[in-house]
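Since the structure comes first, as structure tokens, the remarks are kept for the end.
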């Protein structure tokens, strides 16, 4: 693709409470606080309006600096952060949220997620009640979870209150988590993919490079397009200005049904992060 400015508007996914979330956003996992300010600034200048951070990343302050320096109206942005497992519990969740908001320098979040279920204690149930209070108090526009499997989601839904708006999970061609995606869909929960490019591990796959060559795009753009055409929300990460721009330039081509089928066939249980059933922080 060329380096000309991206002008296509990013489509939105309508969450189960009516809030509109950009389908393509910018992630800052494993980026230092100082580097995050520059990376988010590049992303906002390129046209991204959704930024995903987390307390454990240690870069909420850097994210907030970039937002403040951008001059972009707050209403145009969609900002997500996440509750770390050490803060699971009702009161500790409320305190952790306030701390995240202060570091970001914001008055509210658009989306707040429980980062991991940490199922050894089930304290995520108490945290969910706290997130419902934050939602009711107008401190956050939507609430959801990250790395939740169907059994964890079922327990939340069993509380009889708010159904999560989003479940952010590791998802890419090598790890498609079809059972979790099917559960999300059946319950009106939007699926958001973290590590949508599998940390680069599938970029050199001949199936991907062949499709990319046919469209005159990069392998990364093929994978991001594959996600988008299946309705998922994605948050690719980069600190390189040109890649940040290229990752947004994925709306000028479509993958054919047979190309999507080829991508679907790359599943190999290639998890790069912890397994949610075993990870307790």
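Data overview
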quantity	calculated
Linear extension gain, residue 102 paired with residue 154, 0.36 nm per residue minus alpha-carbon span	15.5 nm
Relative exposure of 225, 74, 243, judged by other C-beta atoms within 10 Å (fewest first)	74, 243, 225
Radius of gyration, Dmax [segment 80-203; alpha carbons; angstrom]	14.4, 44
DSSP beta bridge pairing in segment 8-110, given as percent antiparallel to the nearest 5	40 percent
Calculated SAXS-style log₁₀ I(q)/I(0) at q = 0.13 Å⁻¹ - segment 1-108, Debye, Cα scatterers	-0.51
Efficiency of FRET from Cβ geometry, residue 272 and residue 187, R₀ 30 Å, rounded to 0.05	0.70
Theoretical ellipticity at 222 nm over the chain - DSSP helices of four or more residues, -39500 (n - 2.57) apiece, nearest 500	-11500 deg cm²/dmol
Space enclosed by the convex hull of the alpha-carbon atoms of segment 25-80, per residue, Å³	63 Å³
The chain: relative contact order in percent, alpha carbon pairs under 8 Å with at least 6 residues between	21 percent
Estimated translational D of segment 143-281 in µm²/s (Stokes, Kirkwood radius over Cα pairs; 37 °C; 0.692 mPa s)	208 µm²/s
P(r), alpha carbons of segment 12-264 - 10 Å bins starting at zero, rounded %	7, 32, 36, 20, 5, 0
Projected label distance in nm at residue 132 and residue 34, using a 7 Å step from Cα toward the beta-carbon	4.5 nm
Potential lengthening between residue 91 and residue 240 on full extension [0.36 nm per residue; Cα-Cα distance subtracted]	49.7 nm
Per residue convex hull volume, Cα atoms of segment 216-281, in Å³	127 Å³
For 195, 201, 238, order by how many other beta-carbon atoms lie within 10 Å, fewest first	201, 238, 195
Rounded to 5, percent antiparallel among DSSP beta bridges of segment 12-264	15 percent
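FYI, it's all coordinate maths here, none of it is from the lab. Only a predicted model underlies this, so the values are computations on that prediction, with no experimental measurement involved. When we count neighbours, we look across all protein chains shown, and the Cβ atoms used for this are built from the backbone with ideal geometry, even at glycine.
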